[in-house]
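One structure below.
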Amino acid sequence: MKDIYPENIEIHINRDALRRYLRVKWLLIWMGGLSLFAFLFGMAVLTDVLDNSVGIGIQETIFRIVKGIVEIFLVVEGIATCLYFMFSHHLAARMSKGLRVSVEGAFLRIIQTGYIRVDRKLHFRSIVDYATVQGRLMRRFGIIALQMATTGGGNQSTIQIAGIQDCEKVRDMLAEIDSMRENG
């Protein structure tokens, strides 16, 4: 089979959609993670209100419970939003701007920036499987992720790159390049 592809190919990333996707994803993670604390504090408020509700009516007791839980959730979600803006908002922009994927001969090069810069060069021989992944939130922002399984196992054996433009075509192109160049 003749190799019809150039030696070096830059794969295009939909950076705006990726940045928006990462921002919403991380905001939801902050809010969801800290909601557990809001639930625990809400249970403490519930027991406190029930202990102090002797002699008042059921409506007043329910009102105090709901008011306390809502106040706690608002405070915790406010804290989550502040933490998101402190740690994740600019990181999403940096990561979407710094992501680079390219084919360099028999290698797939992936450069990811964030708090640390990761520059990977995978030989096509080590890539076992190519897949496209699109969850509900990705679908909302119109992005698809390329997922690759590599040999060797461990926690680094699956690589997922979100935001690749024309991801299905890129997946098919990489699989074809893989079959042509893996023994080179």
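The values are calculated or read from the model by the stated rules, or taken from the named source; none is laboratory data. Keep in mind it's a predicted model, so treat the numbers as computed, not measured. Methodologically, a virtual Cβ is constructed for each residue, glycine included, from the backbone with ideal geometry; neighbour enumeration extends over all protein chains shown.
As an exercise: evaluate Val49 against (1) modelled with pLDDT of 85 or more; (2) out of contact with any strand residue (DSSP E or B) (no Cβ under 8 Å at 6 or more places or on another chain); (3) surrounded by 15 or more Cβ atoms within 10 Å (Cβ to Cβ) and give the number of the one condition it does not meet.
All conditions are met except number (1).
How many residues, within region 1-36, are more than 22 Å from the chain's Cα centre (by Cα) and either under 30 Å from Glu71 (Cα atoms) or β-branched (Val, Ile, Thr) (or both)?
Of all residues in region 1-36, those more than 22 Å from the chain's Cα centre (by Cα) come to 1-10.
Going one step further and asking which of them are either under 30 Å from Glu71 (Cα atoms) or β-branched (Val, Ile, Thr) (or both), we end up with 4, 9.
Number of matching residues: 2.
Check whether at least one residue in region 129-137 is among the small types (Gly, Ala, Ser) and at positive phi, and report yes or no. Quick ask: steps written out before the conclusion?
Here is the first cut: in region 129-137, the residues among the small types (Gly, Ala, Ser) are 131, 135.
From the residues that got through so far, the ones that are at positive phi too are none.
Looking for residues that are among the small types (Gly, Ala, Ser) and at positive phi, one finds none in region 129-137, hence no.
In region 98-120, what residues are under 15 Å from Glu10 (Cα atoms) and hydrophobic (A, V, I, L, M, F, W, C)?
Leu99, Val101, Val103, Ala106, Phe107, Leu108, Ile110, Ile111
Provide a single number: the residues in region 86-118 that are within 16 Å of the chain's Cα centre (by Cα) and not β-branched (Val, Ile, Thr).
Residues meeting the conditions: 16.
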